[in-house]
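Heads up: the structure comes next, in structure tokens.
The values are calculated or read from the model by the stated rules, or taken from the named source; none is laboratory data. Everything quoted here is computed from the prediction, not taken from an experiment. Cβ atoms come from the backbone with ideal geometry, glycine included; neighbour counts cover every protein chain shown.
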């Protein structure tokens, strides 16, 4: 099989995306091309379906995570729980700078880790607007909050990268957390620069822009998120690392706010609004602990993230009894269809290219360049697809083959590419459009500076991670 034929499925996806035809069309068309090439060349046959059991379960898990995650977000919005939690945060912060730190390193990572696919932005941007930030600045800050997307939606993208590259989920999670340190440092710098040089804090003159104290608060929040995510990956598990990392930042900041202001505006409604999140997080933690002690079929099912996302959805129905929530079920299912179809299509594409050897051959051919293009490759993929799940499904096996063919450590290379792709989605046009809509921004005046700032952030992050990867590979052998 020629290199052109092996690359044709990926080239088909990239071409369709560049033409603006959408992720669904790109996923289905590229998967179909891969099937045709695989069957025509004899690389794909019926017996491969019998070997697809584990990957099929992973695909089902990813699709259910997306479905119940989107439903949970809709139910929390419709029930008023999200509005109550947003009120609590916006009234708790003593200064807009501290509020921005809480949103960027706490609220958005937490919400995105629970539900994924931009929900963190829909939560964070309105809070930033309530704190007084101008629309463009609120969009930039809110998008920078997507700094832990490797653990978004409980980590299906990272799980796919692990499956296709032959690594364990936890190992990829731990090394991704290590590489996320430089990314969080970059985000902290950009958050401070955005507030300082885009007019400072709301309502303040240029003489009172955020200074050293504000920079320290932002940096401390970023550092706490990094340490928390890394620790959870090491000690508990990868799926809940983003959830608990964001929660740790919020708890630490709320303690600080309580000490500084002497109060927190929490009410009974605030506590009730947090119950679905408690069911999700607590259920997963207890299940992980039980599975570690009693490893059997029941505990193996209970550590599935979709189980507890579904339980959280059921909790919303139980607490806010009312028929008003029922229409959200079919509405969420309709919104899920294009996301689910595109995700499944890209996962099928990745599986076919893996079992037929196309990804391995492409990676080996590209290994003459070394592994340095790996972060950039996943960055481009995530930007085009708009998700790390789709990008990892397309490129994880190819990147693994690049690393193996060049004698580099596969785990380290995959982790660096995973983190590079996870931040790249902040510059993806659909994500920017979502942020603009949530902020009520003016497309004519705000879209260009927002796009420029976020594109620079993604480019710089990719360069930094490439440099860090080069250094890391000098210490870690293949």
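Yes/no matrix, rows are residues, columns are (1) farther than 30 Å from residue 430 by Cβ; (2) touching a helix residue (DSSP H, G or I) at 6+ places or on another chain (Cβ under 9 Å):
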| position | (1), (2) |
| --- | --- |
| 280 | no, yes |
| 291 | yes, yes |
| 299 | yes, yes |
| 302 | yes, yes |
| 324 | no, yes |
| 334 | no, no |
| 352 | no, yes |
| 357 | yes, yes |
| 368 | yes, yes |
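Do we have residue 413 as at pLDDT 95 or above and in contact with a helix residue (DSSP H, G or I) (Cβ under 9 Å, 6 or more places away or on another chain) here?
Values: at pLDDT 95 or above: yes; in contact with a helix residue (DSSP H, G or I) (Cβ under 9 Å, 6 or more places away or on another chain): yes.
Against the criterion (at pLDDT 95 or above and in contact with a helix residue (DSSP H, G or I) (Cβ under 9 Å, 6 or more places away or on another chain)), residue 413 qualifies.
Which one of 95, 59, 122 is farther than 28 Å from residue 344 by Cα and surrounded by fewer than 24 Cβ atoms within 10 Å (Cβ to Cβ)?
95
Can residue 419 be described as modelled with pLDDT of 95 or more, within 13 Å of the chain's Cα centre (by Cα) and more than 22 Å from residue 9 (Cα to Cα)? Show your work before the answer.
Values: modelled with pLDDT of 95 or more: yes; within 13 Å of the chain's Cα centre (by Cα): yes; more than 22 Å from residue 9 (Cα to Cα): yes.
Answer is yes for this residue.
Out of (1) surrounded by 17 or more Cβ atoms within 10 Å (Cβ to Cβ); (2) under 17 Å from residue 187 (Cα atoms), what's the single condition that is false for residue 459?
Against the list (1) surrounded by 17 or more Cβ atoms within 10 Å (Cβ to Cβ); (2) under 17 Å from residue 187 (Cα atoms), residue 459 comes up short only on (1).
Quick one: would you say residue 251 is modelled with pLDDT of 95 or more, out of contact with any helix residue (DSSP H, G or I) (no Cβ under 8 Å at 6 or more places or on another chain) and farther than 21 Å from residue 189 by Cβ?
For residue 251, the condition - modelled with pLDDT of 95 or more, out of contact with any helix residue (DSSP H, G or I) (no Cβ under 8 Å at 6 or more places or on another chain) and farther than 21 Å from residue 189 by Cβ - is met.
For the condition out of contact with any helix residue (DSSP H, G or I) (no Cβ under 6 Å at 6 or more places or on another chain), touching a residue at least 40 places away in the same chain (Cβ under 8 Å) and under 16 Å from residue 376 (Cβ atoms), what is the one hit in 456, 460?
460
Given (1) surrounded by 21 or more Cβ atoms within 10 Å (Cβ to Cβ); (2) closer than 15 Å to residue 373 by Cα, where does residue 406 come up short, assuming only one miss?
(1)
Could you please tell me which pairs satisfy a Cβ distance under 7 Å, a separation of 6+ or placement on different chains, a first residue in region 322-351 that is farther than 16 Å from residue 25 by Cα, and a second residue that is assigned to a loop (DSSP other than H, G, I, E, B)?
Going by the 7 Å Cβ cut-off, the qualifying pairs are 351/52.
Evaluate the following for residue 101: is it part of a helix (DSSP H, G or I), surrounded by 24 or more Cβ atoms within 10 Å (Cβ to Cβ) and in contact (Cβ under 8 Å) with a residue 60 or more places away in the chain?
Yes, satisfied.
What number of residues in region 141-155 are outside any helix (DSSP H, G or I), within 19 Å of residue 227 (Cβ to Cβ), at pLDDT 95 or above and under 8 Å from the mean Cα position of the chain (by Cα)?
Matching residues across region 141-155 total 2.
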